[in-house]
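The values are calculated or read from the model by the stated rules, or taken from the named source; none is laboratory data. These numbers were taken from a predicted model, which means no experiment stands behind them. We place every Cβ from the backbone using ideal geometry, glycine too, and count neighbours over all the protein chains shown.
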Amino acid sequence: MTKKSLIASPLLAACALAHAATPAEPQAVFERYVQAVHAADMAAVRALIAPDVERSDYPACTAQMDNAACLAFYIDQTVVQPRARLTVLSVEAGASELSARLEVRSPLYDKAGVERIVGSDVLRIEGGRIRAFRFVPDFTDAATARFFASIGITPRPRSSQP
């Protein structure tokens, strides 16, 4: 082994380790989530959800569901089963937080008379797994506000208290 190859080996090993760590980054995890939704692959979606994920506020979840099952059920019912198509408009990502502004098209929205909705998926991702997930509708968008009003969801008034 030459001196040059000894120097290159640790550098190659460091590059390989950096590349191996990439899937745990929030944006990479979110991209896998979008791919799984588009493929209607709930096994892949479930694999991205941490067992100790924060509880979803999805009203159709039952008390018997653990937090991971509740989030998986929410995702299945709102985007996977209706065959939603997510178009990522922008992404802001930090070390463990990610906010992705989306346009979502689905037959579910067509039935309500709107072409698409707009909002943000807000996630906390650690260790390559989703630890918190919520969709925040953009109620300033007329179609989004109309769809959510059709299912009884309206913007919550902001409290003057912190």
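Among the residues of the range 104-120, how many are among the acidic types (Asp, Glu) and either touching a Leu at 6+ places or on another chain (Cβ under 6 Å) or at pLDDT below 95 (or both)?
Here the count works out to 1.
Looking at PHE147 and the list (1) buried (at least 17 other Cβ atoms within 10 Å of the Cβ); (2) more than 22 Å from PRO59 (Cβ to Cβ); (3) not hydroxyl-bearing (Ser, Thr, Tyr), which single condition is not satisfied?
(2)
Go through the range 40-80 and give me each residue that's hydrophobic (A, V, I, L, M, F, W, C), in a loop (DSSP other than H, G, I, E, B) and touching a residue at least 12 places away in the same chain (Cβ under 8 Å).
ALA40, ALA50, VAL53, ALA60, CYS61
Is it fair to say THR140 is at pLDDT 95 or above, surrounded by fewer than 16 Cβ atoms within 10 Å (Cβ to Cβ) and not in a strand (DSSP E or B)?
Yes.
Looking at this structure, is ARG101 under 12 Å from TYR33 (Cβ atoms) and of a type in the set (D, E, K, R)?
Considered against the rule, which asks whether it is under 12 Å from TYR33 (Cβ atoms) and of a type in the set (D, E, K, R), ARG101 comes out as no.
Of all residues in the range 104-135, which are over 16 Å from SER150 (Cβ atoms) and acidic (Asp, Glu)?
ASP121, GLU126
Restricting to the range 25-49, name every residue that is on the phi < 0 side of the Ramachandran plot and in contact with a helix residue (DSSP H, G or I) (Cβ under 7 Å, 6 or more places away or on another chain).
Answer for the range 25-49, where residues must be on the phi < 0 side of the Ramachandran plot and in contact with a helix residue (DSSP H, G or I) (Cβ under 7 Å, 6 or more places away or on another chain): ALA28, VAL29, ARG32, TYR33, ALA36, VAL37, MET42, ALA44, VAL45, ARG46, LEU48, ILE49.
Taking the stated definitions as given, is VAL104 out of contact with any Gly (no Cβ under 9 Å at 6 or more places or on another chain) and either surrounded by 15 or more Cβ atoms within 10 Å (Cβ to Cβ) or assigned to a loop (DSSP other than H, G, I, E, B) (or both)?
no
Kindly list the number of the only condition in (1) assigned to a loop (DSSP other than H, G, I, E, B); (2) without any contact (Cβ under 8 Å) to a residue 24 or more places away in the chain; (3) within 19 Å of PRO82 (Cα to Cα); (4) hydrophobic (A, V, I, L, M, F, W, C) that fails for VAL114.
Only one criterion is unmet by VAL114, namely (2).
Yes or no: ALA63 at pLDDT 95 or above and loosely packed, with under 11 Cβ neighbours inside 10 Å?
yes
Checking VAL91 against (1) assigned to a loop (DSSP other than H, G, I, E, B); (2) surrounded by fewer than 17 Cβ atoms within 10 Å (Cβ to Cβ); (3) in contact (Cβ under 8 Å) with a residue 12 or more places away in the chain, which single condition isn't satisfied?
Every condition holds for VAL91 apart from (1).
Name the residue, out of GLU31, GLU25, that is surrounded by 15 or more Cβ atoms within 10 Å (Cβ to Cβ), among the acidic types (Asp, Glu), at pLDDT 95 or above and closer than 25 Å to PHE133 by Cβ.
GLU31
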